[in-house]
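Just so it is clear, none of the values below were taken in a lab; they were calculated from the coordinates. The structure displayed is predicted, hence computed values, not measured ones. All Cβ positions, glycine included, derive from the backbone under ideal geometry; neighbour counts span all protein chains shown.
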Number of protein chains: 2
Amino acid sequence: MAKEVMAEVITIGDEILYGQITDTNTQWISAELDKVGIRTVRKSSVGDREDRILEILREAESRADVILMTGGLGPTKDDITKKTLAKYFGSQLVINEEALRDVAEIFSRRGFELTELNRQQAALPDNATFISNKVGTAPGMWFEKNRKVFVSMPGVPHEMKWLMENAILQKLQRHFSTPVIYHKMIKTVGIGESFLADKIEEWEDSLPPHIRLAYLPGMGQVKLRLTATGDRLAVLEGEVQAQIDRLLQIVPEYVYGYDKDELETVVGRMLLQRGMTLAVAESCTGGYLGHAITRIPGSSRYFTGGIIAYDNRVKVEQLNVSPETLEKFGAVSEQTVREMAENVRKKLNTSIGVATSGVAGPDGGTEEKPVGTVWIACADGTNTFAKKLQLFKDREINIKFASLWVLNAIRQNLPPVGVS
Amino acid sequence: MAKEVMAEVITIGDEILYGQITDTNTQWISAELDKVGIRTVRKSSVGDREDRILEILREAESRADVILMTGGLGPTKDDITKKTLAKYFGSQLVINEEALRDVAEIFSRRGFELTELNRQQAALPDNATFISNKVGTAPGMWFEKNRKVFVSMPGVPHEMKWLMENAILQKLQRHFSTPVIYHKMIKTVGIGESFLADKIEEWEDSLPPHIRLAYLPGMGQVKLRLTATGDRLAVLEGEVQAQIDRLLQIVPEYVYGYDKDELETVVGRMLLQRGMTLAVAESCTGGYLGHAITRIPGSSRYFTGGIIAYDNRVKVEQLNVSPETLEKFGAVSEQTVREMAENVRKKLNTSIGVATSGVAGPDGGTEEKPVGTVWIACADGTNTFAKKLQLFKDREINIKFASLWVLNAIRQNLPPVGVS
């Protein structure tokens, strides 16, 4: 394997330095670099000041093989990155014909006239390699100096990401002859990191040295990332798939998807495959479960609607929960949540009905039902699955976890495809 | 005014460097420093490596008056910040008695025995001033060298924030004799930044030099921050309030609150003051509006519930929207959304009923009703306010904006307190 390639990531802009906006670029960039085997050794932010930018470029050049910058490429006077880069390299700003064509095309498409200020967006240091930005007016730039690479990109996140994904990552891999790296993300839900690690320890220990495993825990979910390093992509893909097949024999019930799959999308796909529809009855989640489902484009094909039964009166009048059930067992109980799920299913005439009722907090807890006590249910007309969750002290986290557990309950309680 | 105080903010930790976790500390710290008149000149992240940490400390000391660090203070071997600071200052790690008392107390409260590893959390460089951390086991540390200040804090955000707010910001203000600074945030909704700037231009131009205005635009909202600098807090507070009183005469309709107020909280407070209740009928927002309202603790005192009428069948069967209305005008229409708001109010027997219906996207748009077309309504039993919004291409943004506009419609359509 070639020697390790070291990177520095620099964001330029007063608004980041003074904490007015969140810098999401450096995290994204260093995570993407990590995936192609390039190691970030320093991340920095500086303001739009020539002396500060020159200083950080000198420092970064002394440490790293590649320096990636974002920001300071706008058309206004306070954006000075291009001018400063020209000064750093001892080059001149000249209009780049390719860049000018890009800018002119964007303006003509928008029906605007090209002003001199906009024309200047196509002026680049004459030692820059132009990298076309198809989603904005500020171009990407690539510089080389003694085999070291400097990359300048706009600070707008979606423009920076477009340039990285469509040009710069590949160019970096070629320039530094980095090895072929293949990643596969395995997504699990319903089991904590340490319990999962226990269950798959033997599998993990048996992985060959060129396939590494990383645990990426998130809210109620654990992502497993397999990273294989070698010479040929097709070989790596096959090897990783063989490991996943082995993993699925150990923990089939927790794996819900791969890579960009989300639980909401997977559940939606499962419902569609079975020609089934879904309705929700929400108490403690207050609409969040409906939102989690409907933020997915196309969810209207399987999501019919729901009742937000916050007040007990709504549980009785709209969901036909029996007043005796509420009085005897309370709103936060297996009996209530079962009736809610079964009744919303009947009322909205869907295949599946689900329900939530709990103490989201921060107040309203009792000794018997402390904050974080949540009941969920999933009814399919034949069976009703119900489960008690003991969640946390934080209201928003409880709302999100309860919704996640309902989605997982749907996933686990659907019949195999083709069985009705 | 004293000479400007310059700060550098450094986060230490491999997990940030490789993009595995998001660094929210540096933004928060630099925003807080800005509020007390200390200017951040550089922000950096480095890994848990002695040479890298020593190098960045040398660089930062050459540039800044105060260096704030977070991270690398845990009890495990890969956390080397304390050892490295001792090396940097040529001092020794010794057990600090105050720090030991803190750690011992936390462990006894949790019912755990104090291990040697935990005892070592109380070992500090002997030139450090100990700063007690009442919300965790890693202490804060304060160092001085030629009037320059170095501060080391744990990387866990809530521990860092606790130390900053309860000790470090005040200590910095005293050490550097920074002027008294008073901030007041004015929150507006329903008007874009440039339109607002136009309306308040004269007011802005008439502000005295020691009161500065900053625009902080967010999603559908613009925050105005007034920053007053002087010698006495009480005087500054009075001066800022006088300016706000003048502003309220120019744009009374857009200002909904101050400082930590959120629109959801303000609307809830207004409903409570009037003894009124609220129900929602959601189509395109799919539950998000209900969630926005119910994520606020105590919302059950004014929020009764709602119907998520995603499918048109639910609009007819659960909300009694007339099938003729749906056929003639479509689901995304003034007529439909009015019936939804009026009927959910009657059905759930509340003071106010609100509704949304629109094309959230990315698909489903037509020439007449492109993606981003949303109708909202607010009914109080006497009048029904309805409004057409022309929003954006992005599904999640459309969902959030539509909910925001409904909340603002409630705010604007409630009667004055005491009038029913």
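Overview of results
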item: P(r) of chain A over all Cα-Cα pairs, binned every 10 Å from zero, in whole percent; result: 4, 18, 20, 19, 18, 14, 6, 1, 0
item: Angstrom value of the Kirkwood radius, inverse mean 1/r, which spans all Cα pairs in segment B:119-204; result: 16.3
item: 7 Å along Cα→Cβ, label-point gaps from B:R63 to other copies, nm, shortest first; result: 1.0
item: Debye log10 I(q)/I(0) at q = 0.06 Å⁻¹ for the protein assembly as shown, Cα point scatterers; result: -0.47
item: Between segment A:20-50 and segment B:359-410, the Cα center-to-center distance that results, in Å; result: 37
item: Residues A:V9, B:V180, sorted so that the one with the fewest Cβ neighbours within 10 Å comes first; result: B:V180, A:V9
item: Only Lys, Arg (+1) and Asp, Glu (-1) charged, at Cβ; the protein assembly as shown dipole about Cα centre in debye; result: 460
item: Isotropic mean projected area of the C-alpha convex hull, segment B:360-408 (nm²); result: 3.6
item: A:I250, B:I376, B:I191, B:I410 arranged by Cβ crowding within 10 Å, fewest neighbours leading; result: A:I250, B:I191, B:I410, B:I376
item: Highest-MSF residue in chain A out of A:L289, A:L389, A:L263 [GNM, Cα springs under 10 Å]; result: A:L389
item: Cβ neighbours within 10 Å from other chains - mean over B:24-36; result: 3
item: Cα-centre dipole for segment B:5-176 with unit charges at Cβ (Lys and Arg positive, Asp and Glu negative), debye to 20; result: 440
item: Cα-based helix-to-principal-axis angle, A:395-413 vs chain A, degrees rounded to 10; result: 70
item: Estimated FRET transfer efficiency (A:E113, A:R269; beta-carbon r; R0 45 Å; 0.05); result: 0.40
item: Label 7 Å beyond Cα on the Cβ vector: B:E97 copy-to-copy distances, nm; result: 8.0
item: Dimensionless Rg/Rh of segment B:19-90 - Kirkwood Rh, Rg from C-alpha atoms; result: 0.97
item: Fraction in percent of alpha-carbon pairs per bin - 10 Å, segment B:275-413; result: 14, 48, 32, 6, 0
item: Relative pair counts by distance (%), Cα atoms of segment B:299-355, 5 Å bins; result: 4, 21, 32, 22, 12, 6, 2, 1
item: Electrostatic dipole magnitude of chain B [Cβ: Lys, Arg +1; Asp, Glu -1; Cα centre; debye, to 20]; result: 600
item: Compactness relative to 2.2 N^0.38 Å, alpha carbon Rg of segment A:13-52; result: 1.36
item: Additional length obtainable on full extension of the chain from B:E324 to B:S62, 0.36 nm per residue less Cα span; result: 86.8 nm
item: Greater than 27 Å apart at Cα, pairs in A:K223/B:K43; B:K83/B:K161; A:K400/B:K77; A:K134/B:K199; result: A:K223/B:K43; A:K400/B:K77; A:K134/B:K199
item: Percentage relative contact order, chain A, counting C-alpha pairs under 8 Å, at least six apart; result: 10
item: Segment A:131-287: relative contact order as a whole-number percent, Cα under 8 Å and 6+ apart; result: 20
item: Sparse-neighbour loop sites [GluC sites (Glu not before Pro); segment A:1-77; at most 16 other C-beta within 10 Å; DSSP]; result: A:E4
item: Coarse-grained scattering of segment A:277-319 at q = 0.19 Å⁻¹, given as base-10 log I(q)/I(0) from a Debye sum over alpha-carbon atoms; result: -0.55
item: Using a 7 Å Cα-to-Cβ projection, A:K328 label spacings across copies, nm, ascending; result: 4.9
item: Shielding by other protein chains, B:49-62, mean Cβ within 10 Å; result: 1
item: Charge-dipole axis of segment B:12-93 as Lys and Arg at +1 and Asp and Glu at -1 on Cβ define it, positive-most pick from B:M69, B:T40, B:G90; result: B:G90
item: nm² value of the averaged projected area, convex hull over the Cα atoms of segment B:180-258; result: 4.7
item: Largest-first ellipsoid semi-axes for segment A:97-152, taking √(5λ) over the Cα gyration tensor eigenvalues, angstrom; result: 25, 11, 7
item: Segment A:189-291: trypsin sites (Lys or Arg not before Pro) in DSSP coil with no more than 16 other Cβ atoms inside 10 Å; result: A:R232, A:K260
item: Compactness relative to 2.2 N^0.38 Å, alpha carbon Rg of segment A:174-216; result: 1.52
item: For segment A:5-176, radius of gyration divided by Kirkwood radius, i.e. Rg to Rh on alpha-carbons; result: 0.94
item: Per-residue mean of C-beta atoms belonging to partner chains within 10 Å, peptide A:7-14; result: 1
item: Sequence ranges A:144-153, A:74-83, ranked by mean other-Cβ count within 10 angstrom, highest first; result: A:144-153, A:74-83
item: Helix-only CD estimate at 222 nm, as mean residue ellipticity for chain B, using -39500 (n - 2.57) per DSSP H run (n ≥ 4); result: -11500 deg cm²/dmol
item: At most 14 other Cβ within 10 Å, DSSP loop - chymotrypsin sites (Phe, Trp or Tyr not before Pro), segment B:376-420; result: B:F392
